[in-house]
Amino acid sequence: MCHTSRPSDALPSMSQKKRRAIPRFNTPIVETHCHLDYLEGDAVDAVLQDAFAAGIERIVTISVSAGNLDTVKQLAESHQSIWCTQGIHPHEANSWNTALAGRVTEGCAHARVIAVGETGLDYHYNHADRASQLKAFDEQLAIASDQSLPVVIHTREADSDTRDILANHSRHLSRKGVIHSFTSSLELAEFCLAEGFMLGFNGITTFRNAENVREVVAATPIDRIVLETDAPYLTPVPYRGRPNAPCYLPFIAEKLADIKLVPVETLLTHARDNSHQLFF
């Protein structure tokens, strides 16, 4: 359960310092990356109610596999504040084939689909072999280009190959896209920014040992930042240890504003404008 308060009411008592109420800001917030389909039944409605109470205006729920291409569309059809994507995560790249490419392409025509992805490369876990990951990534970037949609990109410990494949496709991507949950090198960040991509930041920015991510935030222009949770994963401090949810986005906004040395409302205004430019 998320508990919100206005910033002026958010000063914690001694007993609340580690679990203070979620601050409620004036600027509406766009959740650009989460996984609502991992919830069941009434849990979705509860998460949405908490999100709206925290000032979240739109939520993008992300496709990752053949098994949830239809599920995310159904969620988006059921709630006017939910939008979705179509794509296959690198963990699932071994399943990529012509038929699945056709399903993703067909799904892009749906009125609530706003991007291709989550696609990319993950050499940390290597749940799929690298050749399959590269093929699936390459072909989904081509789909995004053909459909004139932005792309949602996952990259982990794959900086060189990510850069190479984006260099081949970037000029054909009229809507570019976002490198979500950015944790890669500053060099990759600079390349992606130069190519016109947004960077997505989440609760990792609040983690004690994430100084490398905070350095990238500091170097990223404020007009290229979007907010995400990647819920139910990566819950920000001070609620780390609980399942994540879109309602915790204000904590991420506070951390990014602190890093960028701007008022939170300024950060939120830019992030909202960036999200609308990217997806809507």
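The values are calculated or read from the model by the stated rules, or taken from the named source; none is laboratory data. Computed from a predicted structure; not experimentally measured. Here Cβ is always computed from backbone atoms with ideal geometry, including for glycine, and neighbour counts include all displayed protein chains.
Please state which of the following conditions Ala93 fails to meet, knowing it meets all the rest: (1) within 23 Å of Leu278 (Cβ to Cβ); (2) in contact with a strand residue (DSSP E or B) (Cβ under 9 Å, 6 or more places away or on another chain); (3) of a type outside the set (Ser, Thr, Tyr). Only one criterion in (1) within 23 Å of Leu278 (Cβ to Cβ); (2) in contact with a strand residue (DSSP E or B) (Cβ under 9 Å, 6 or more places away or on another chain); (3) of a type outside the set (Ser, Thr, Tyr) is unmet by Ala93, namely (1). Can you spot a residue in segment 64-82 that is at negative phi, assigned to a loop (DSSP other than H, G, I, E, B) and within 15 Å of the chain's Cα centre (by Cα)? There is at least one residue in segment 64-82 that is at negative phi, assigned to a loop (DSSP other than H, G, I, E, B) and within 15 Å of the chain's Cα centre (by Cα). Here is the figure for segment 32-63: residues that are in contact (Cβ under 8 Å) with a residue 40 or more places away in the chain, over 30 Å from His127 (Cα atoms) and assigned to a loop (DSSP other than H, G, I, E, B) total 2.
The number of residues in segment 1-50 that are of a type in the set (A, V, I, L, M), out of contact with any strand residue (DSSP E or B) (no Cβ under 8 Å at 6 or more places or on another chain) and modelled with pLDDT of 80 or more comes to 5. Among the residues making up segment 125-180, those that are among the polar types (S, T, N, Q) and either in a loop (DSSP other than H, G, I, E, B) or farther than 13 Å from Trp96 by Cβ (or both) are Asn126, Ser145, Gln147, Ser148, Thr155, Ser160, Thr162, Asn168, Ser170, Ser174. For the residues Thr98, Thr119, the requirement of being of a type in the set (S, T, N, Q), out of contact with any Phe, Trp or Tyr (no Cβ under 8 Å at 6 or more places or on another chain) and modelled with pLDDT of 95 or more singles out Thr98.
Could you run through segment 72-130 and say how many residues are of a type in the set (Ser, Thr, Tyr), surrounded by fewer than 23 Cβ atoms within 10 Å (Cβ to Cβ) and farther than 30 Å from Ala53 by Cβ?
The total comes to 5.
If the condition is being of a type in the set (A, V, I, L, M, F, W, C), part of a helix (DSSP H, G or I) and farther than 18 Å from His33 by Cβ, then segment 218-265 contributes Ala218, Ala219, Ile222, Ala257, Ile259, Val264.
In segment 90-115, the residues that are without any contact (Cβ under 8 Å) to a residue 60 or more places away in the chain and assigned to a loop (DSSP other than H, G, I, E, B) form Cβ pairs under 8 Å with partners that are among the polar types (S, T, N, Q) and crowded, with 21+ Cβ neighbours inside 10 Å, at six or more places apart or across chains, as follows: Cys108/Gln86; His110/Gln86. You will find that of Glu190, Glu254, the residue that is buried (at least 18 other Cβ atoms within 10 Å of the Cβ) and either free of Cβ contacts under 8 Å to residues at least 60 places away in the same chain or over 24 Å from His89 (Cα atoms) (or both) is Glu254 and no other.
Residues of segment 211-234 that are surrounded by fewer than 18 Cβ atoms within 10 Å (Cβ to Cβ) and over 16 Å from Leu278 (Cα atoms): Glu211, Asn212, Glu215, Ala218, Ala219, Pro232, Tyr233.
The residue pairs whose first member lies in segment 193-216 and is more than 22 Å from Arg240 (Cα to Cα) and at pLDDT below 95, whose second member is buried (at least 23 other Cβ atoms within 10 Å of the Cβ) and not polar (S, T, N, Q), and whose beta carbons are closer than 7 Å, counting only pairs six or more residues apart or on different chains, do not exist in this structure. When restricted to residues that are closer than 26 Å to Leu173 by Cβ and either in contact with a His (Cβ under 9 Å, 6 or more places away or on another chain) or not in a helix (DSSP H, G or I) (or both), segment 195-217 contains 8.
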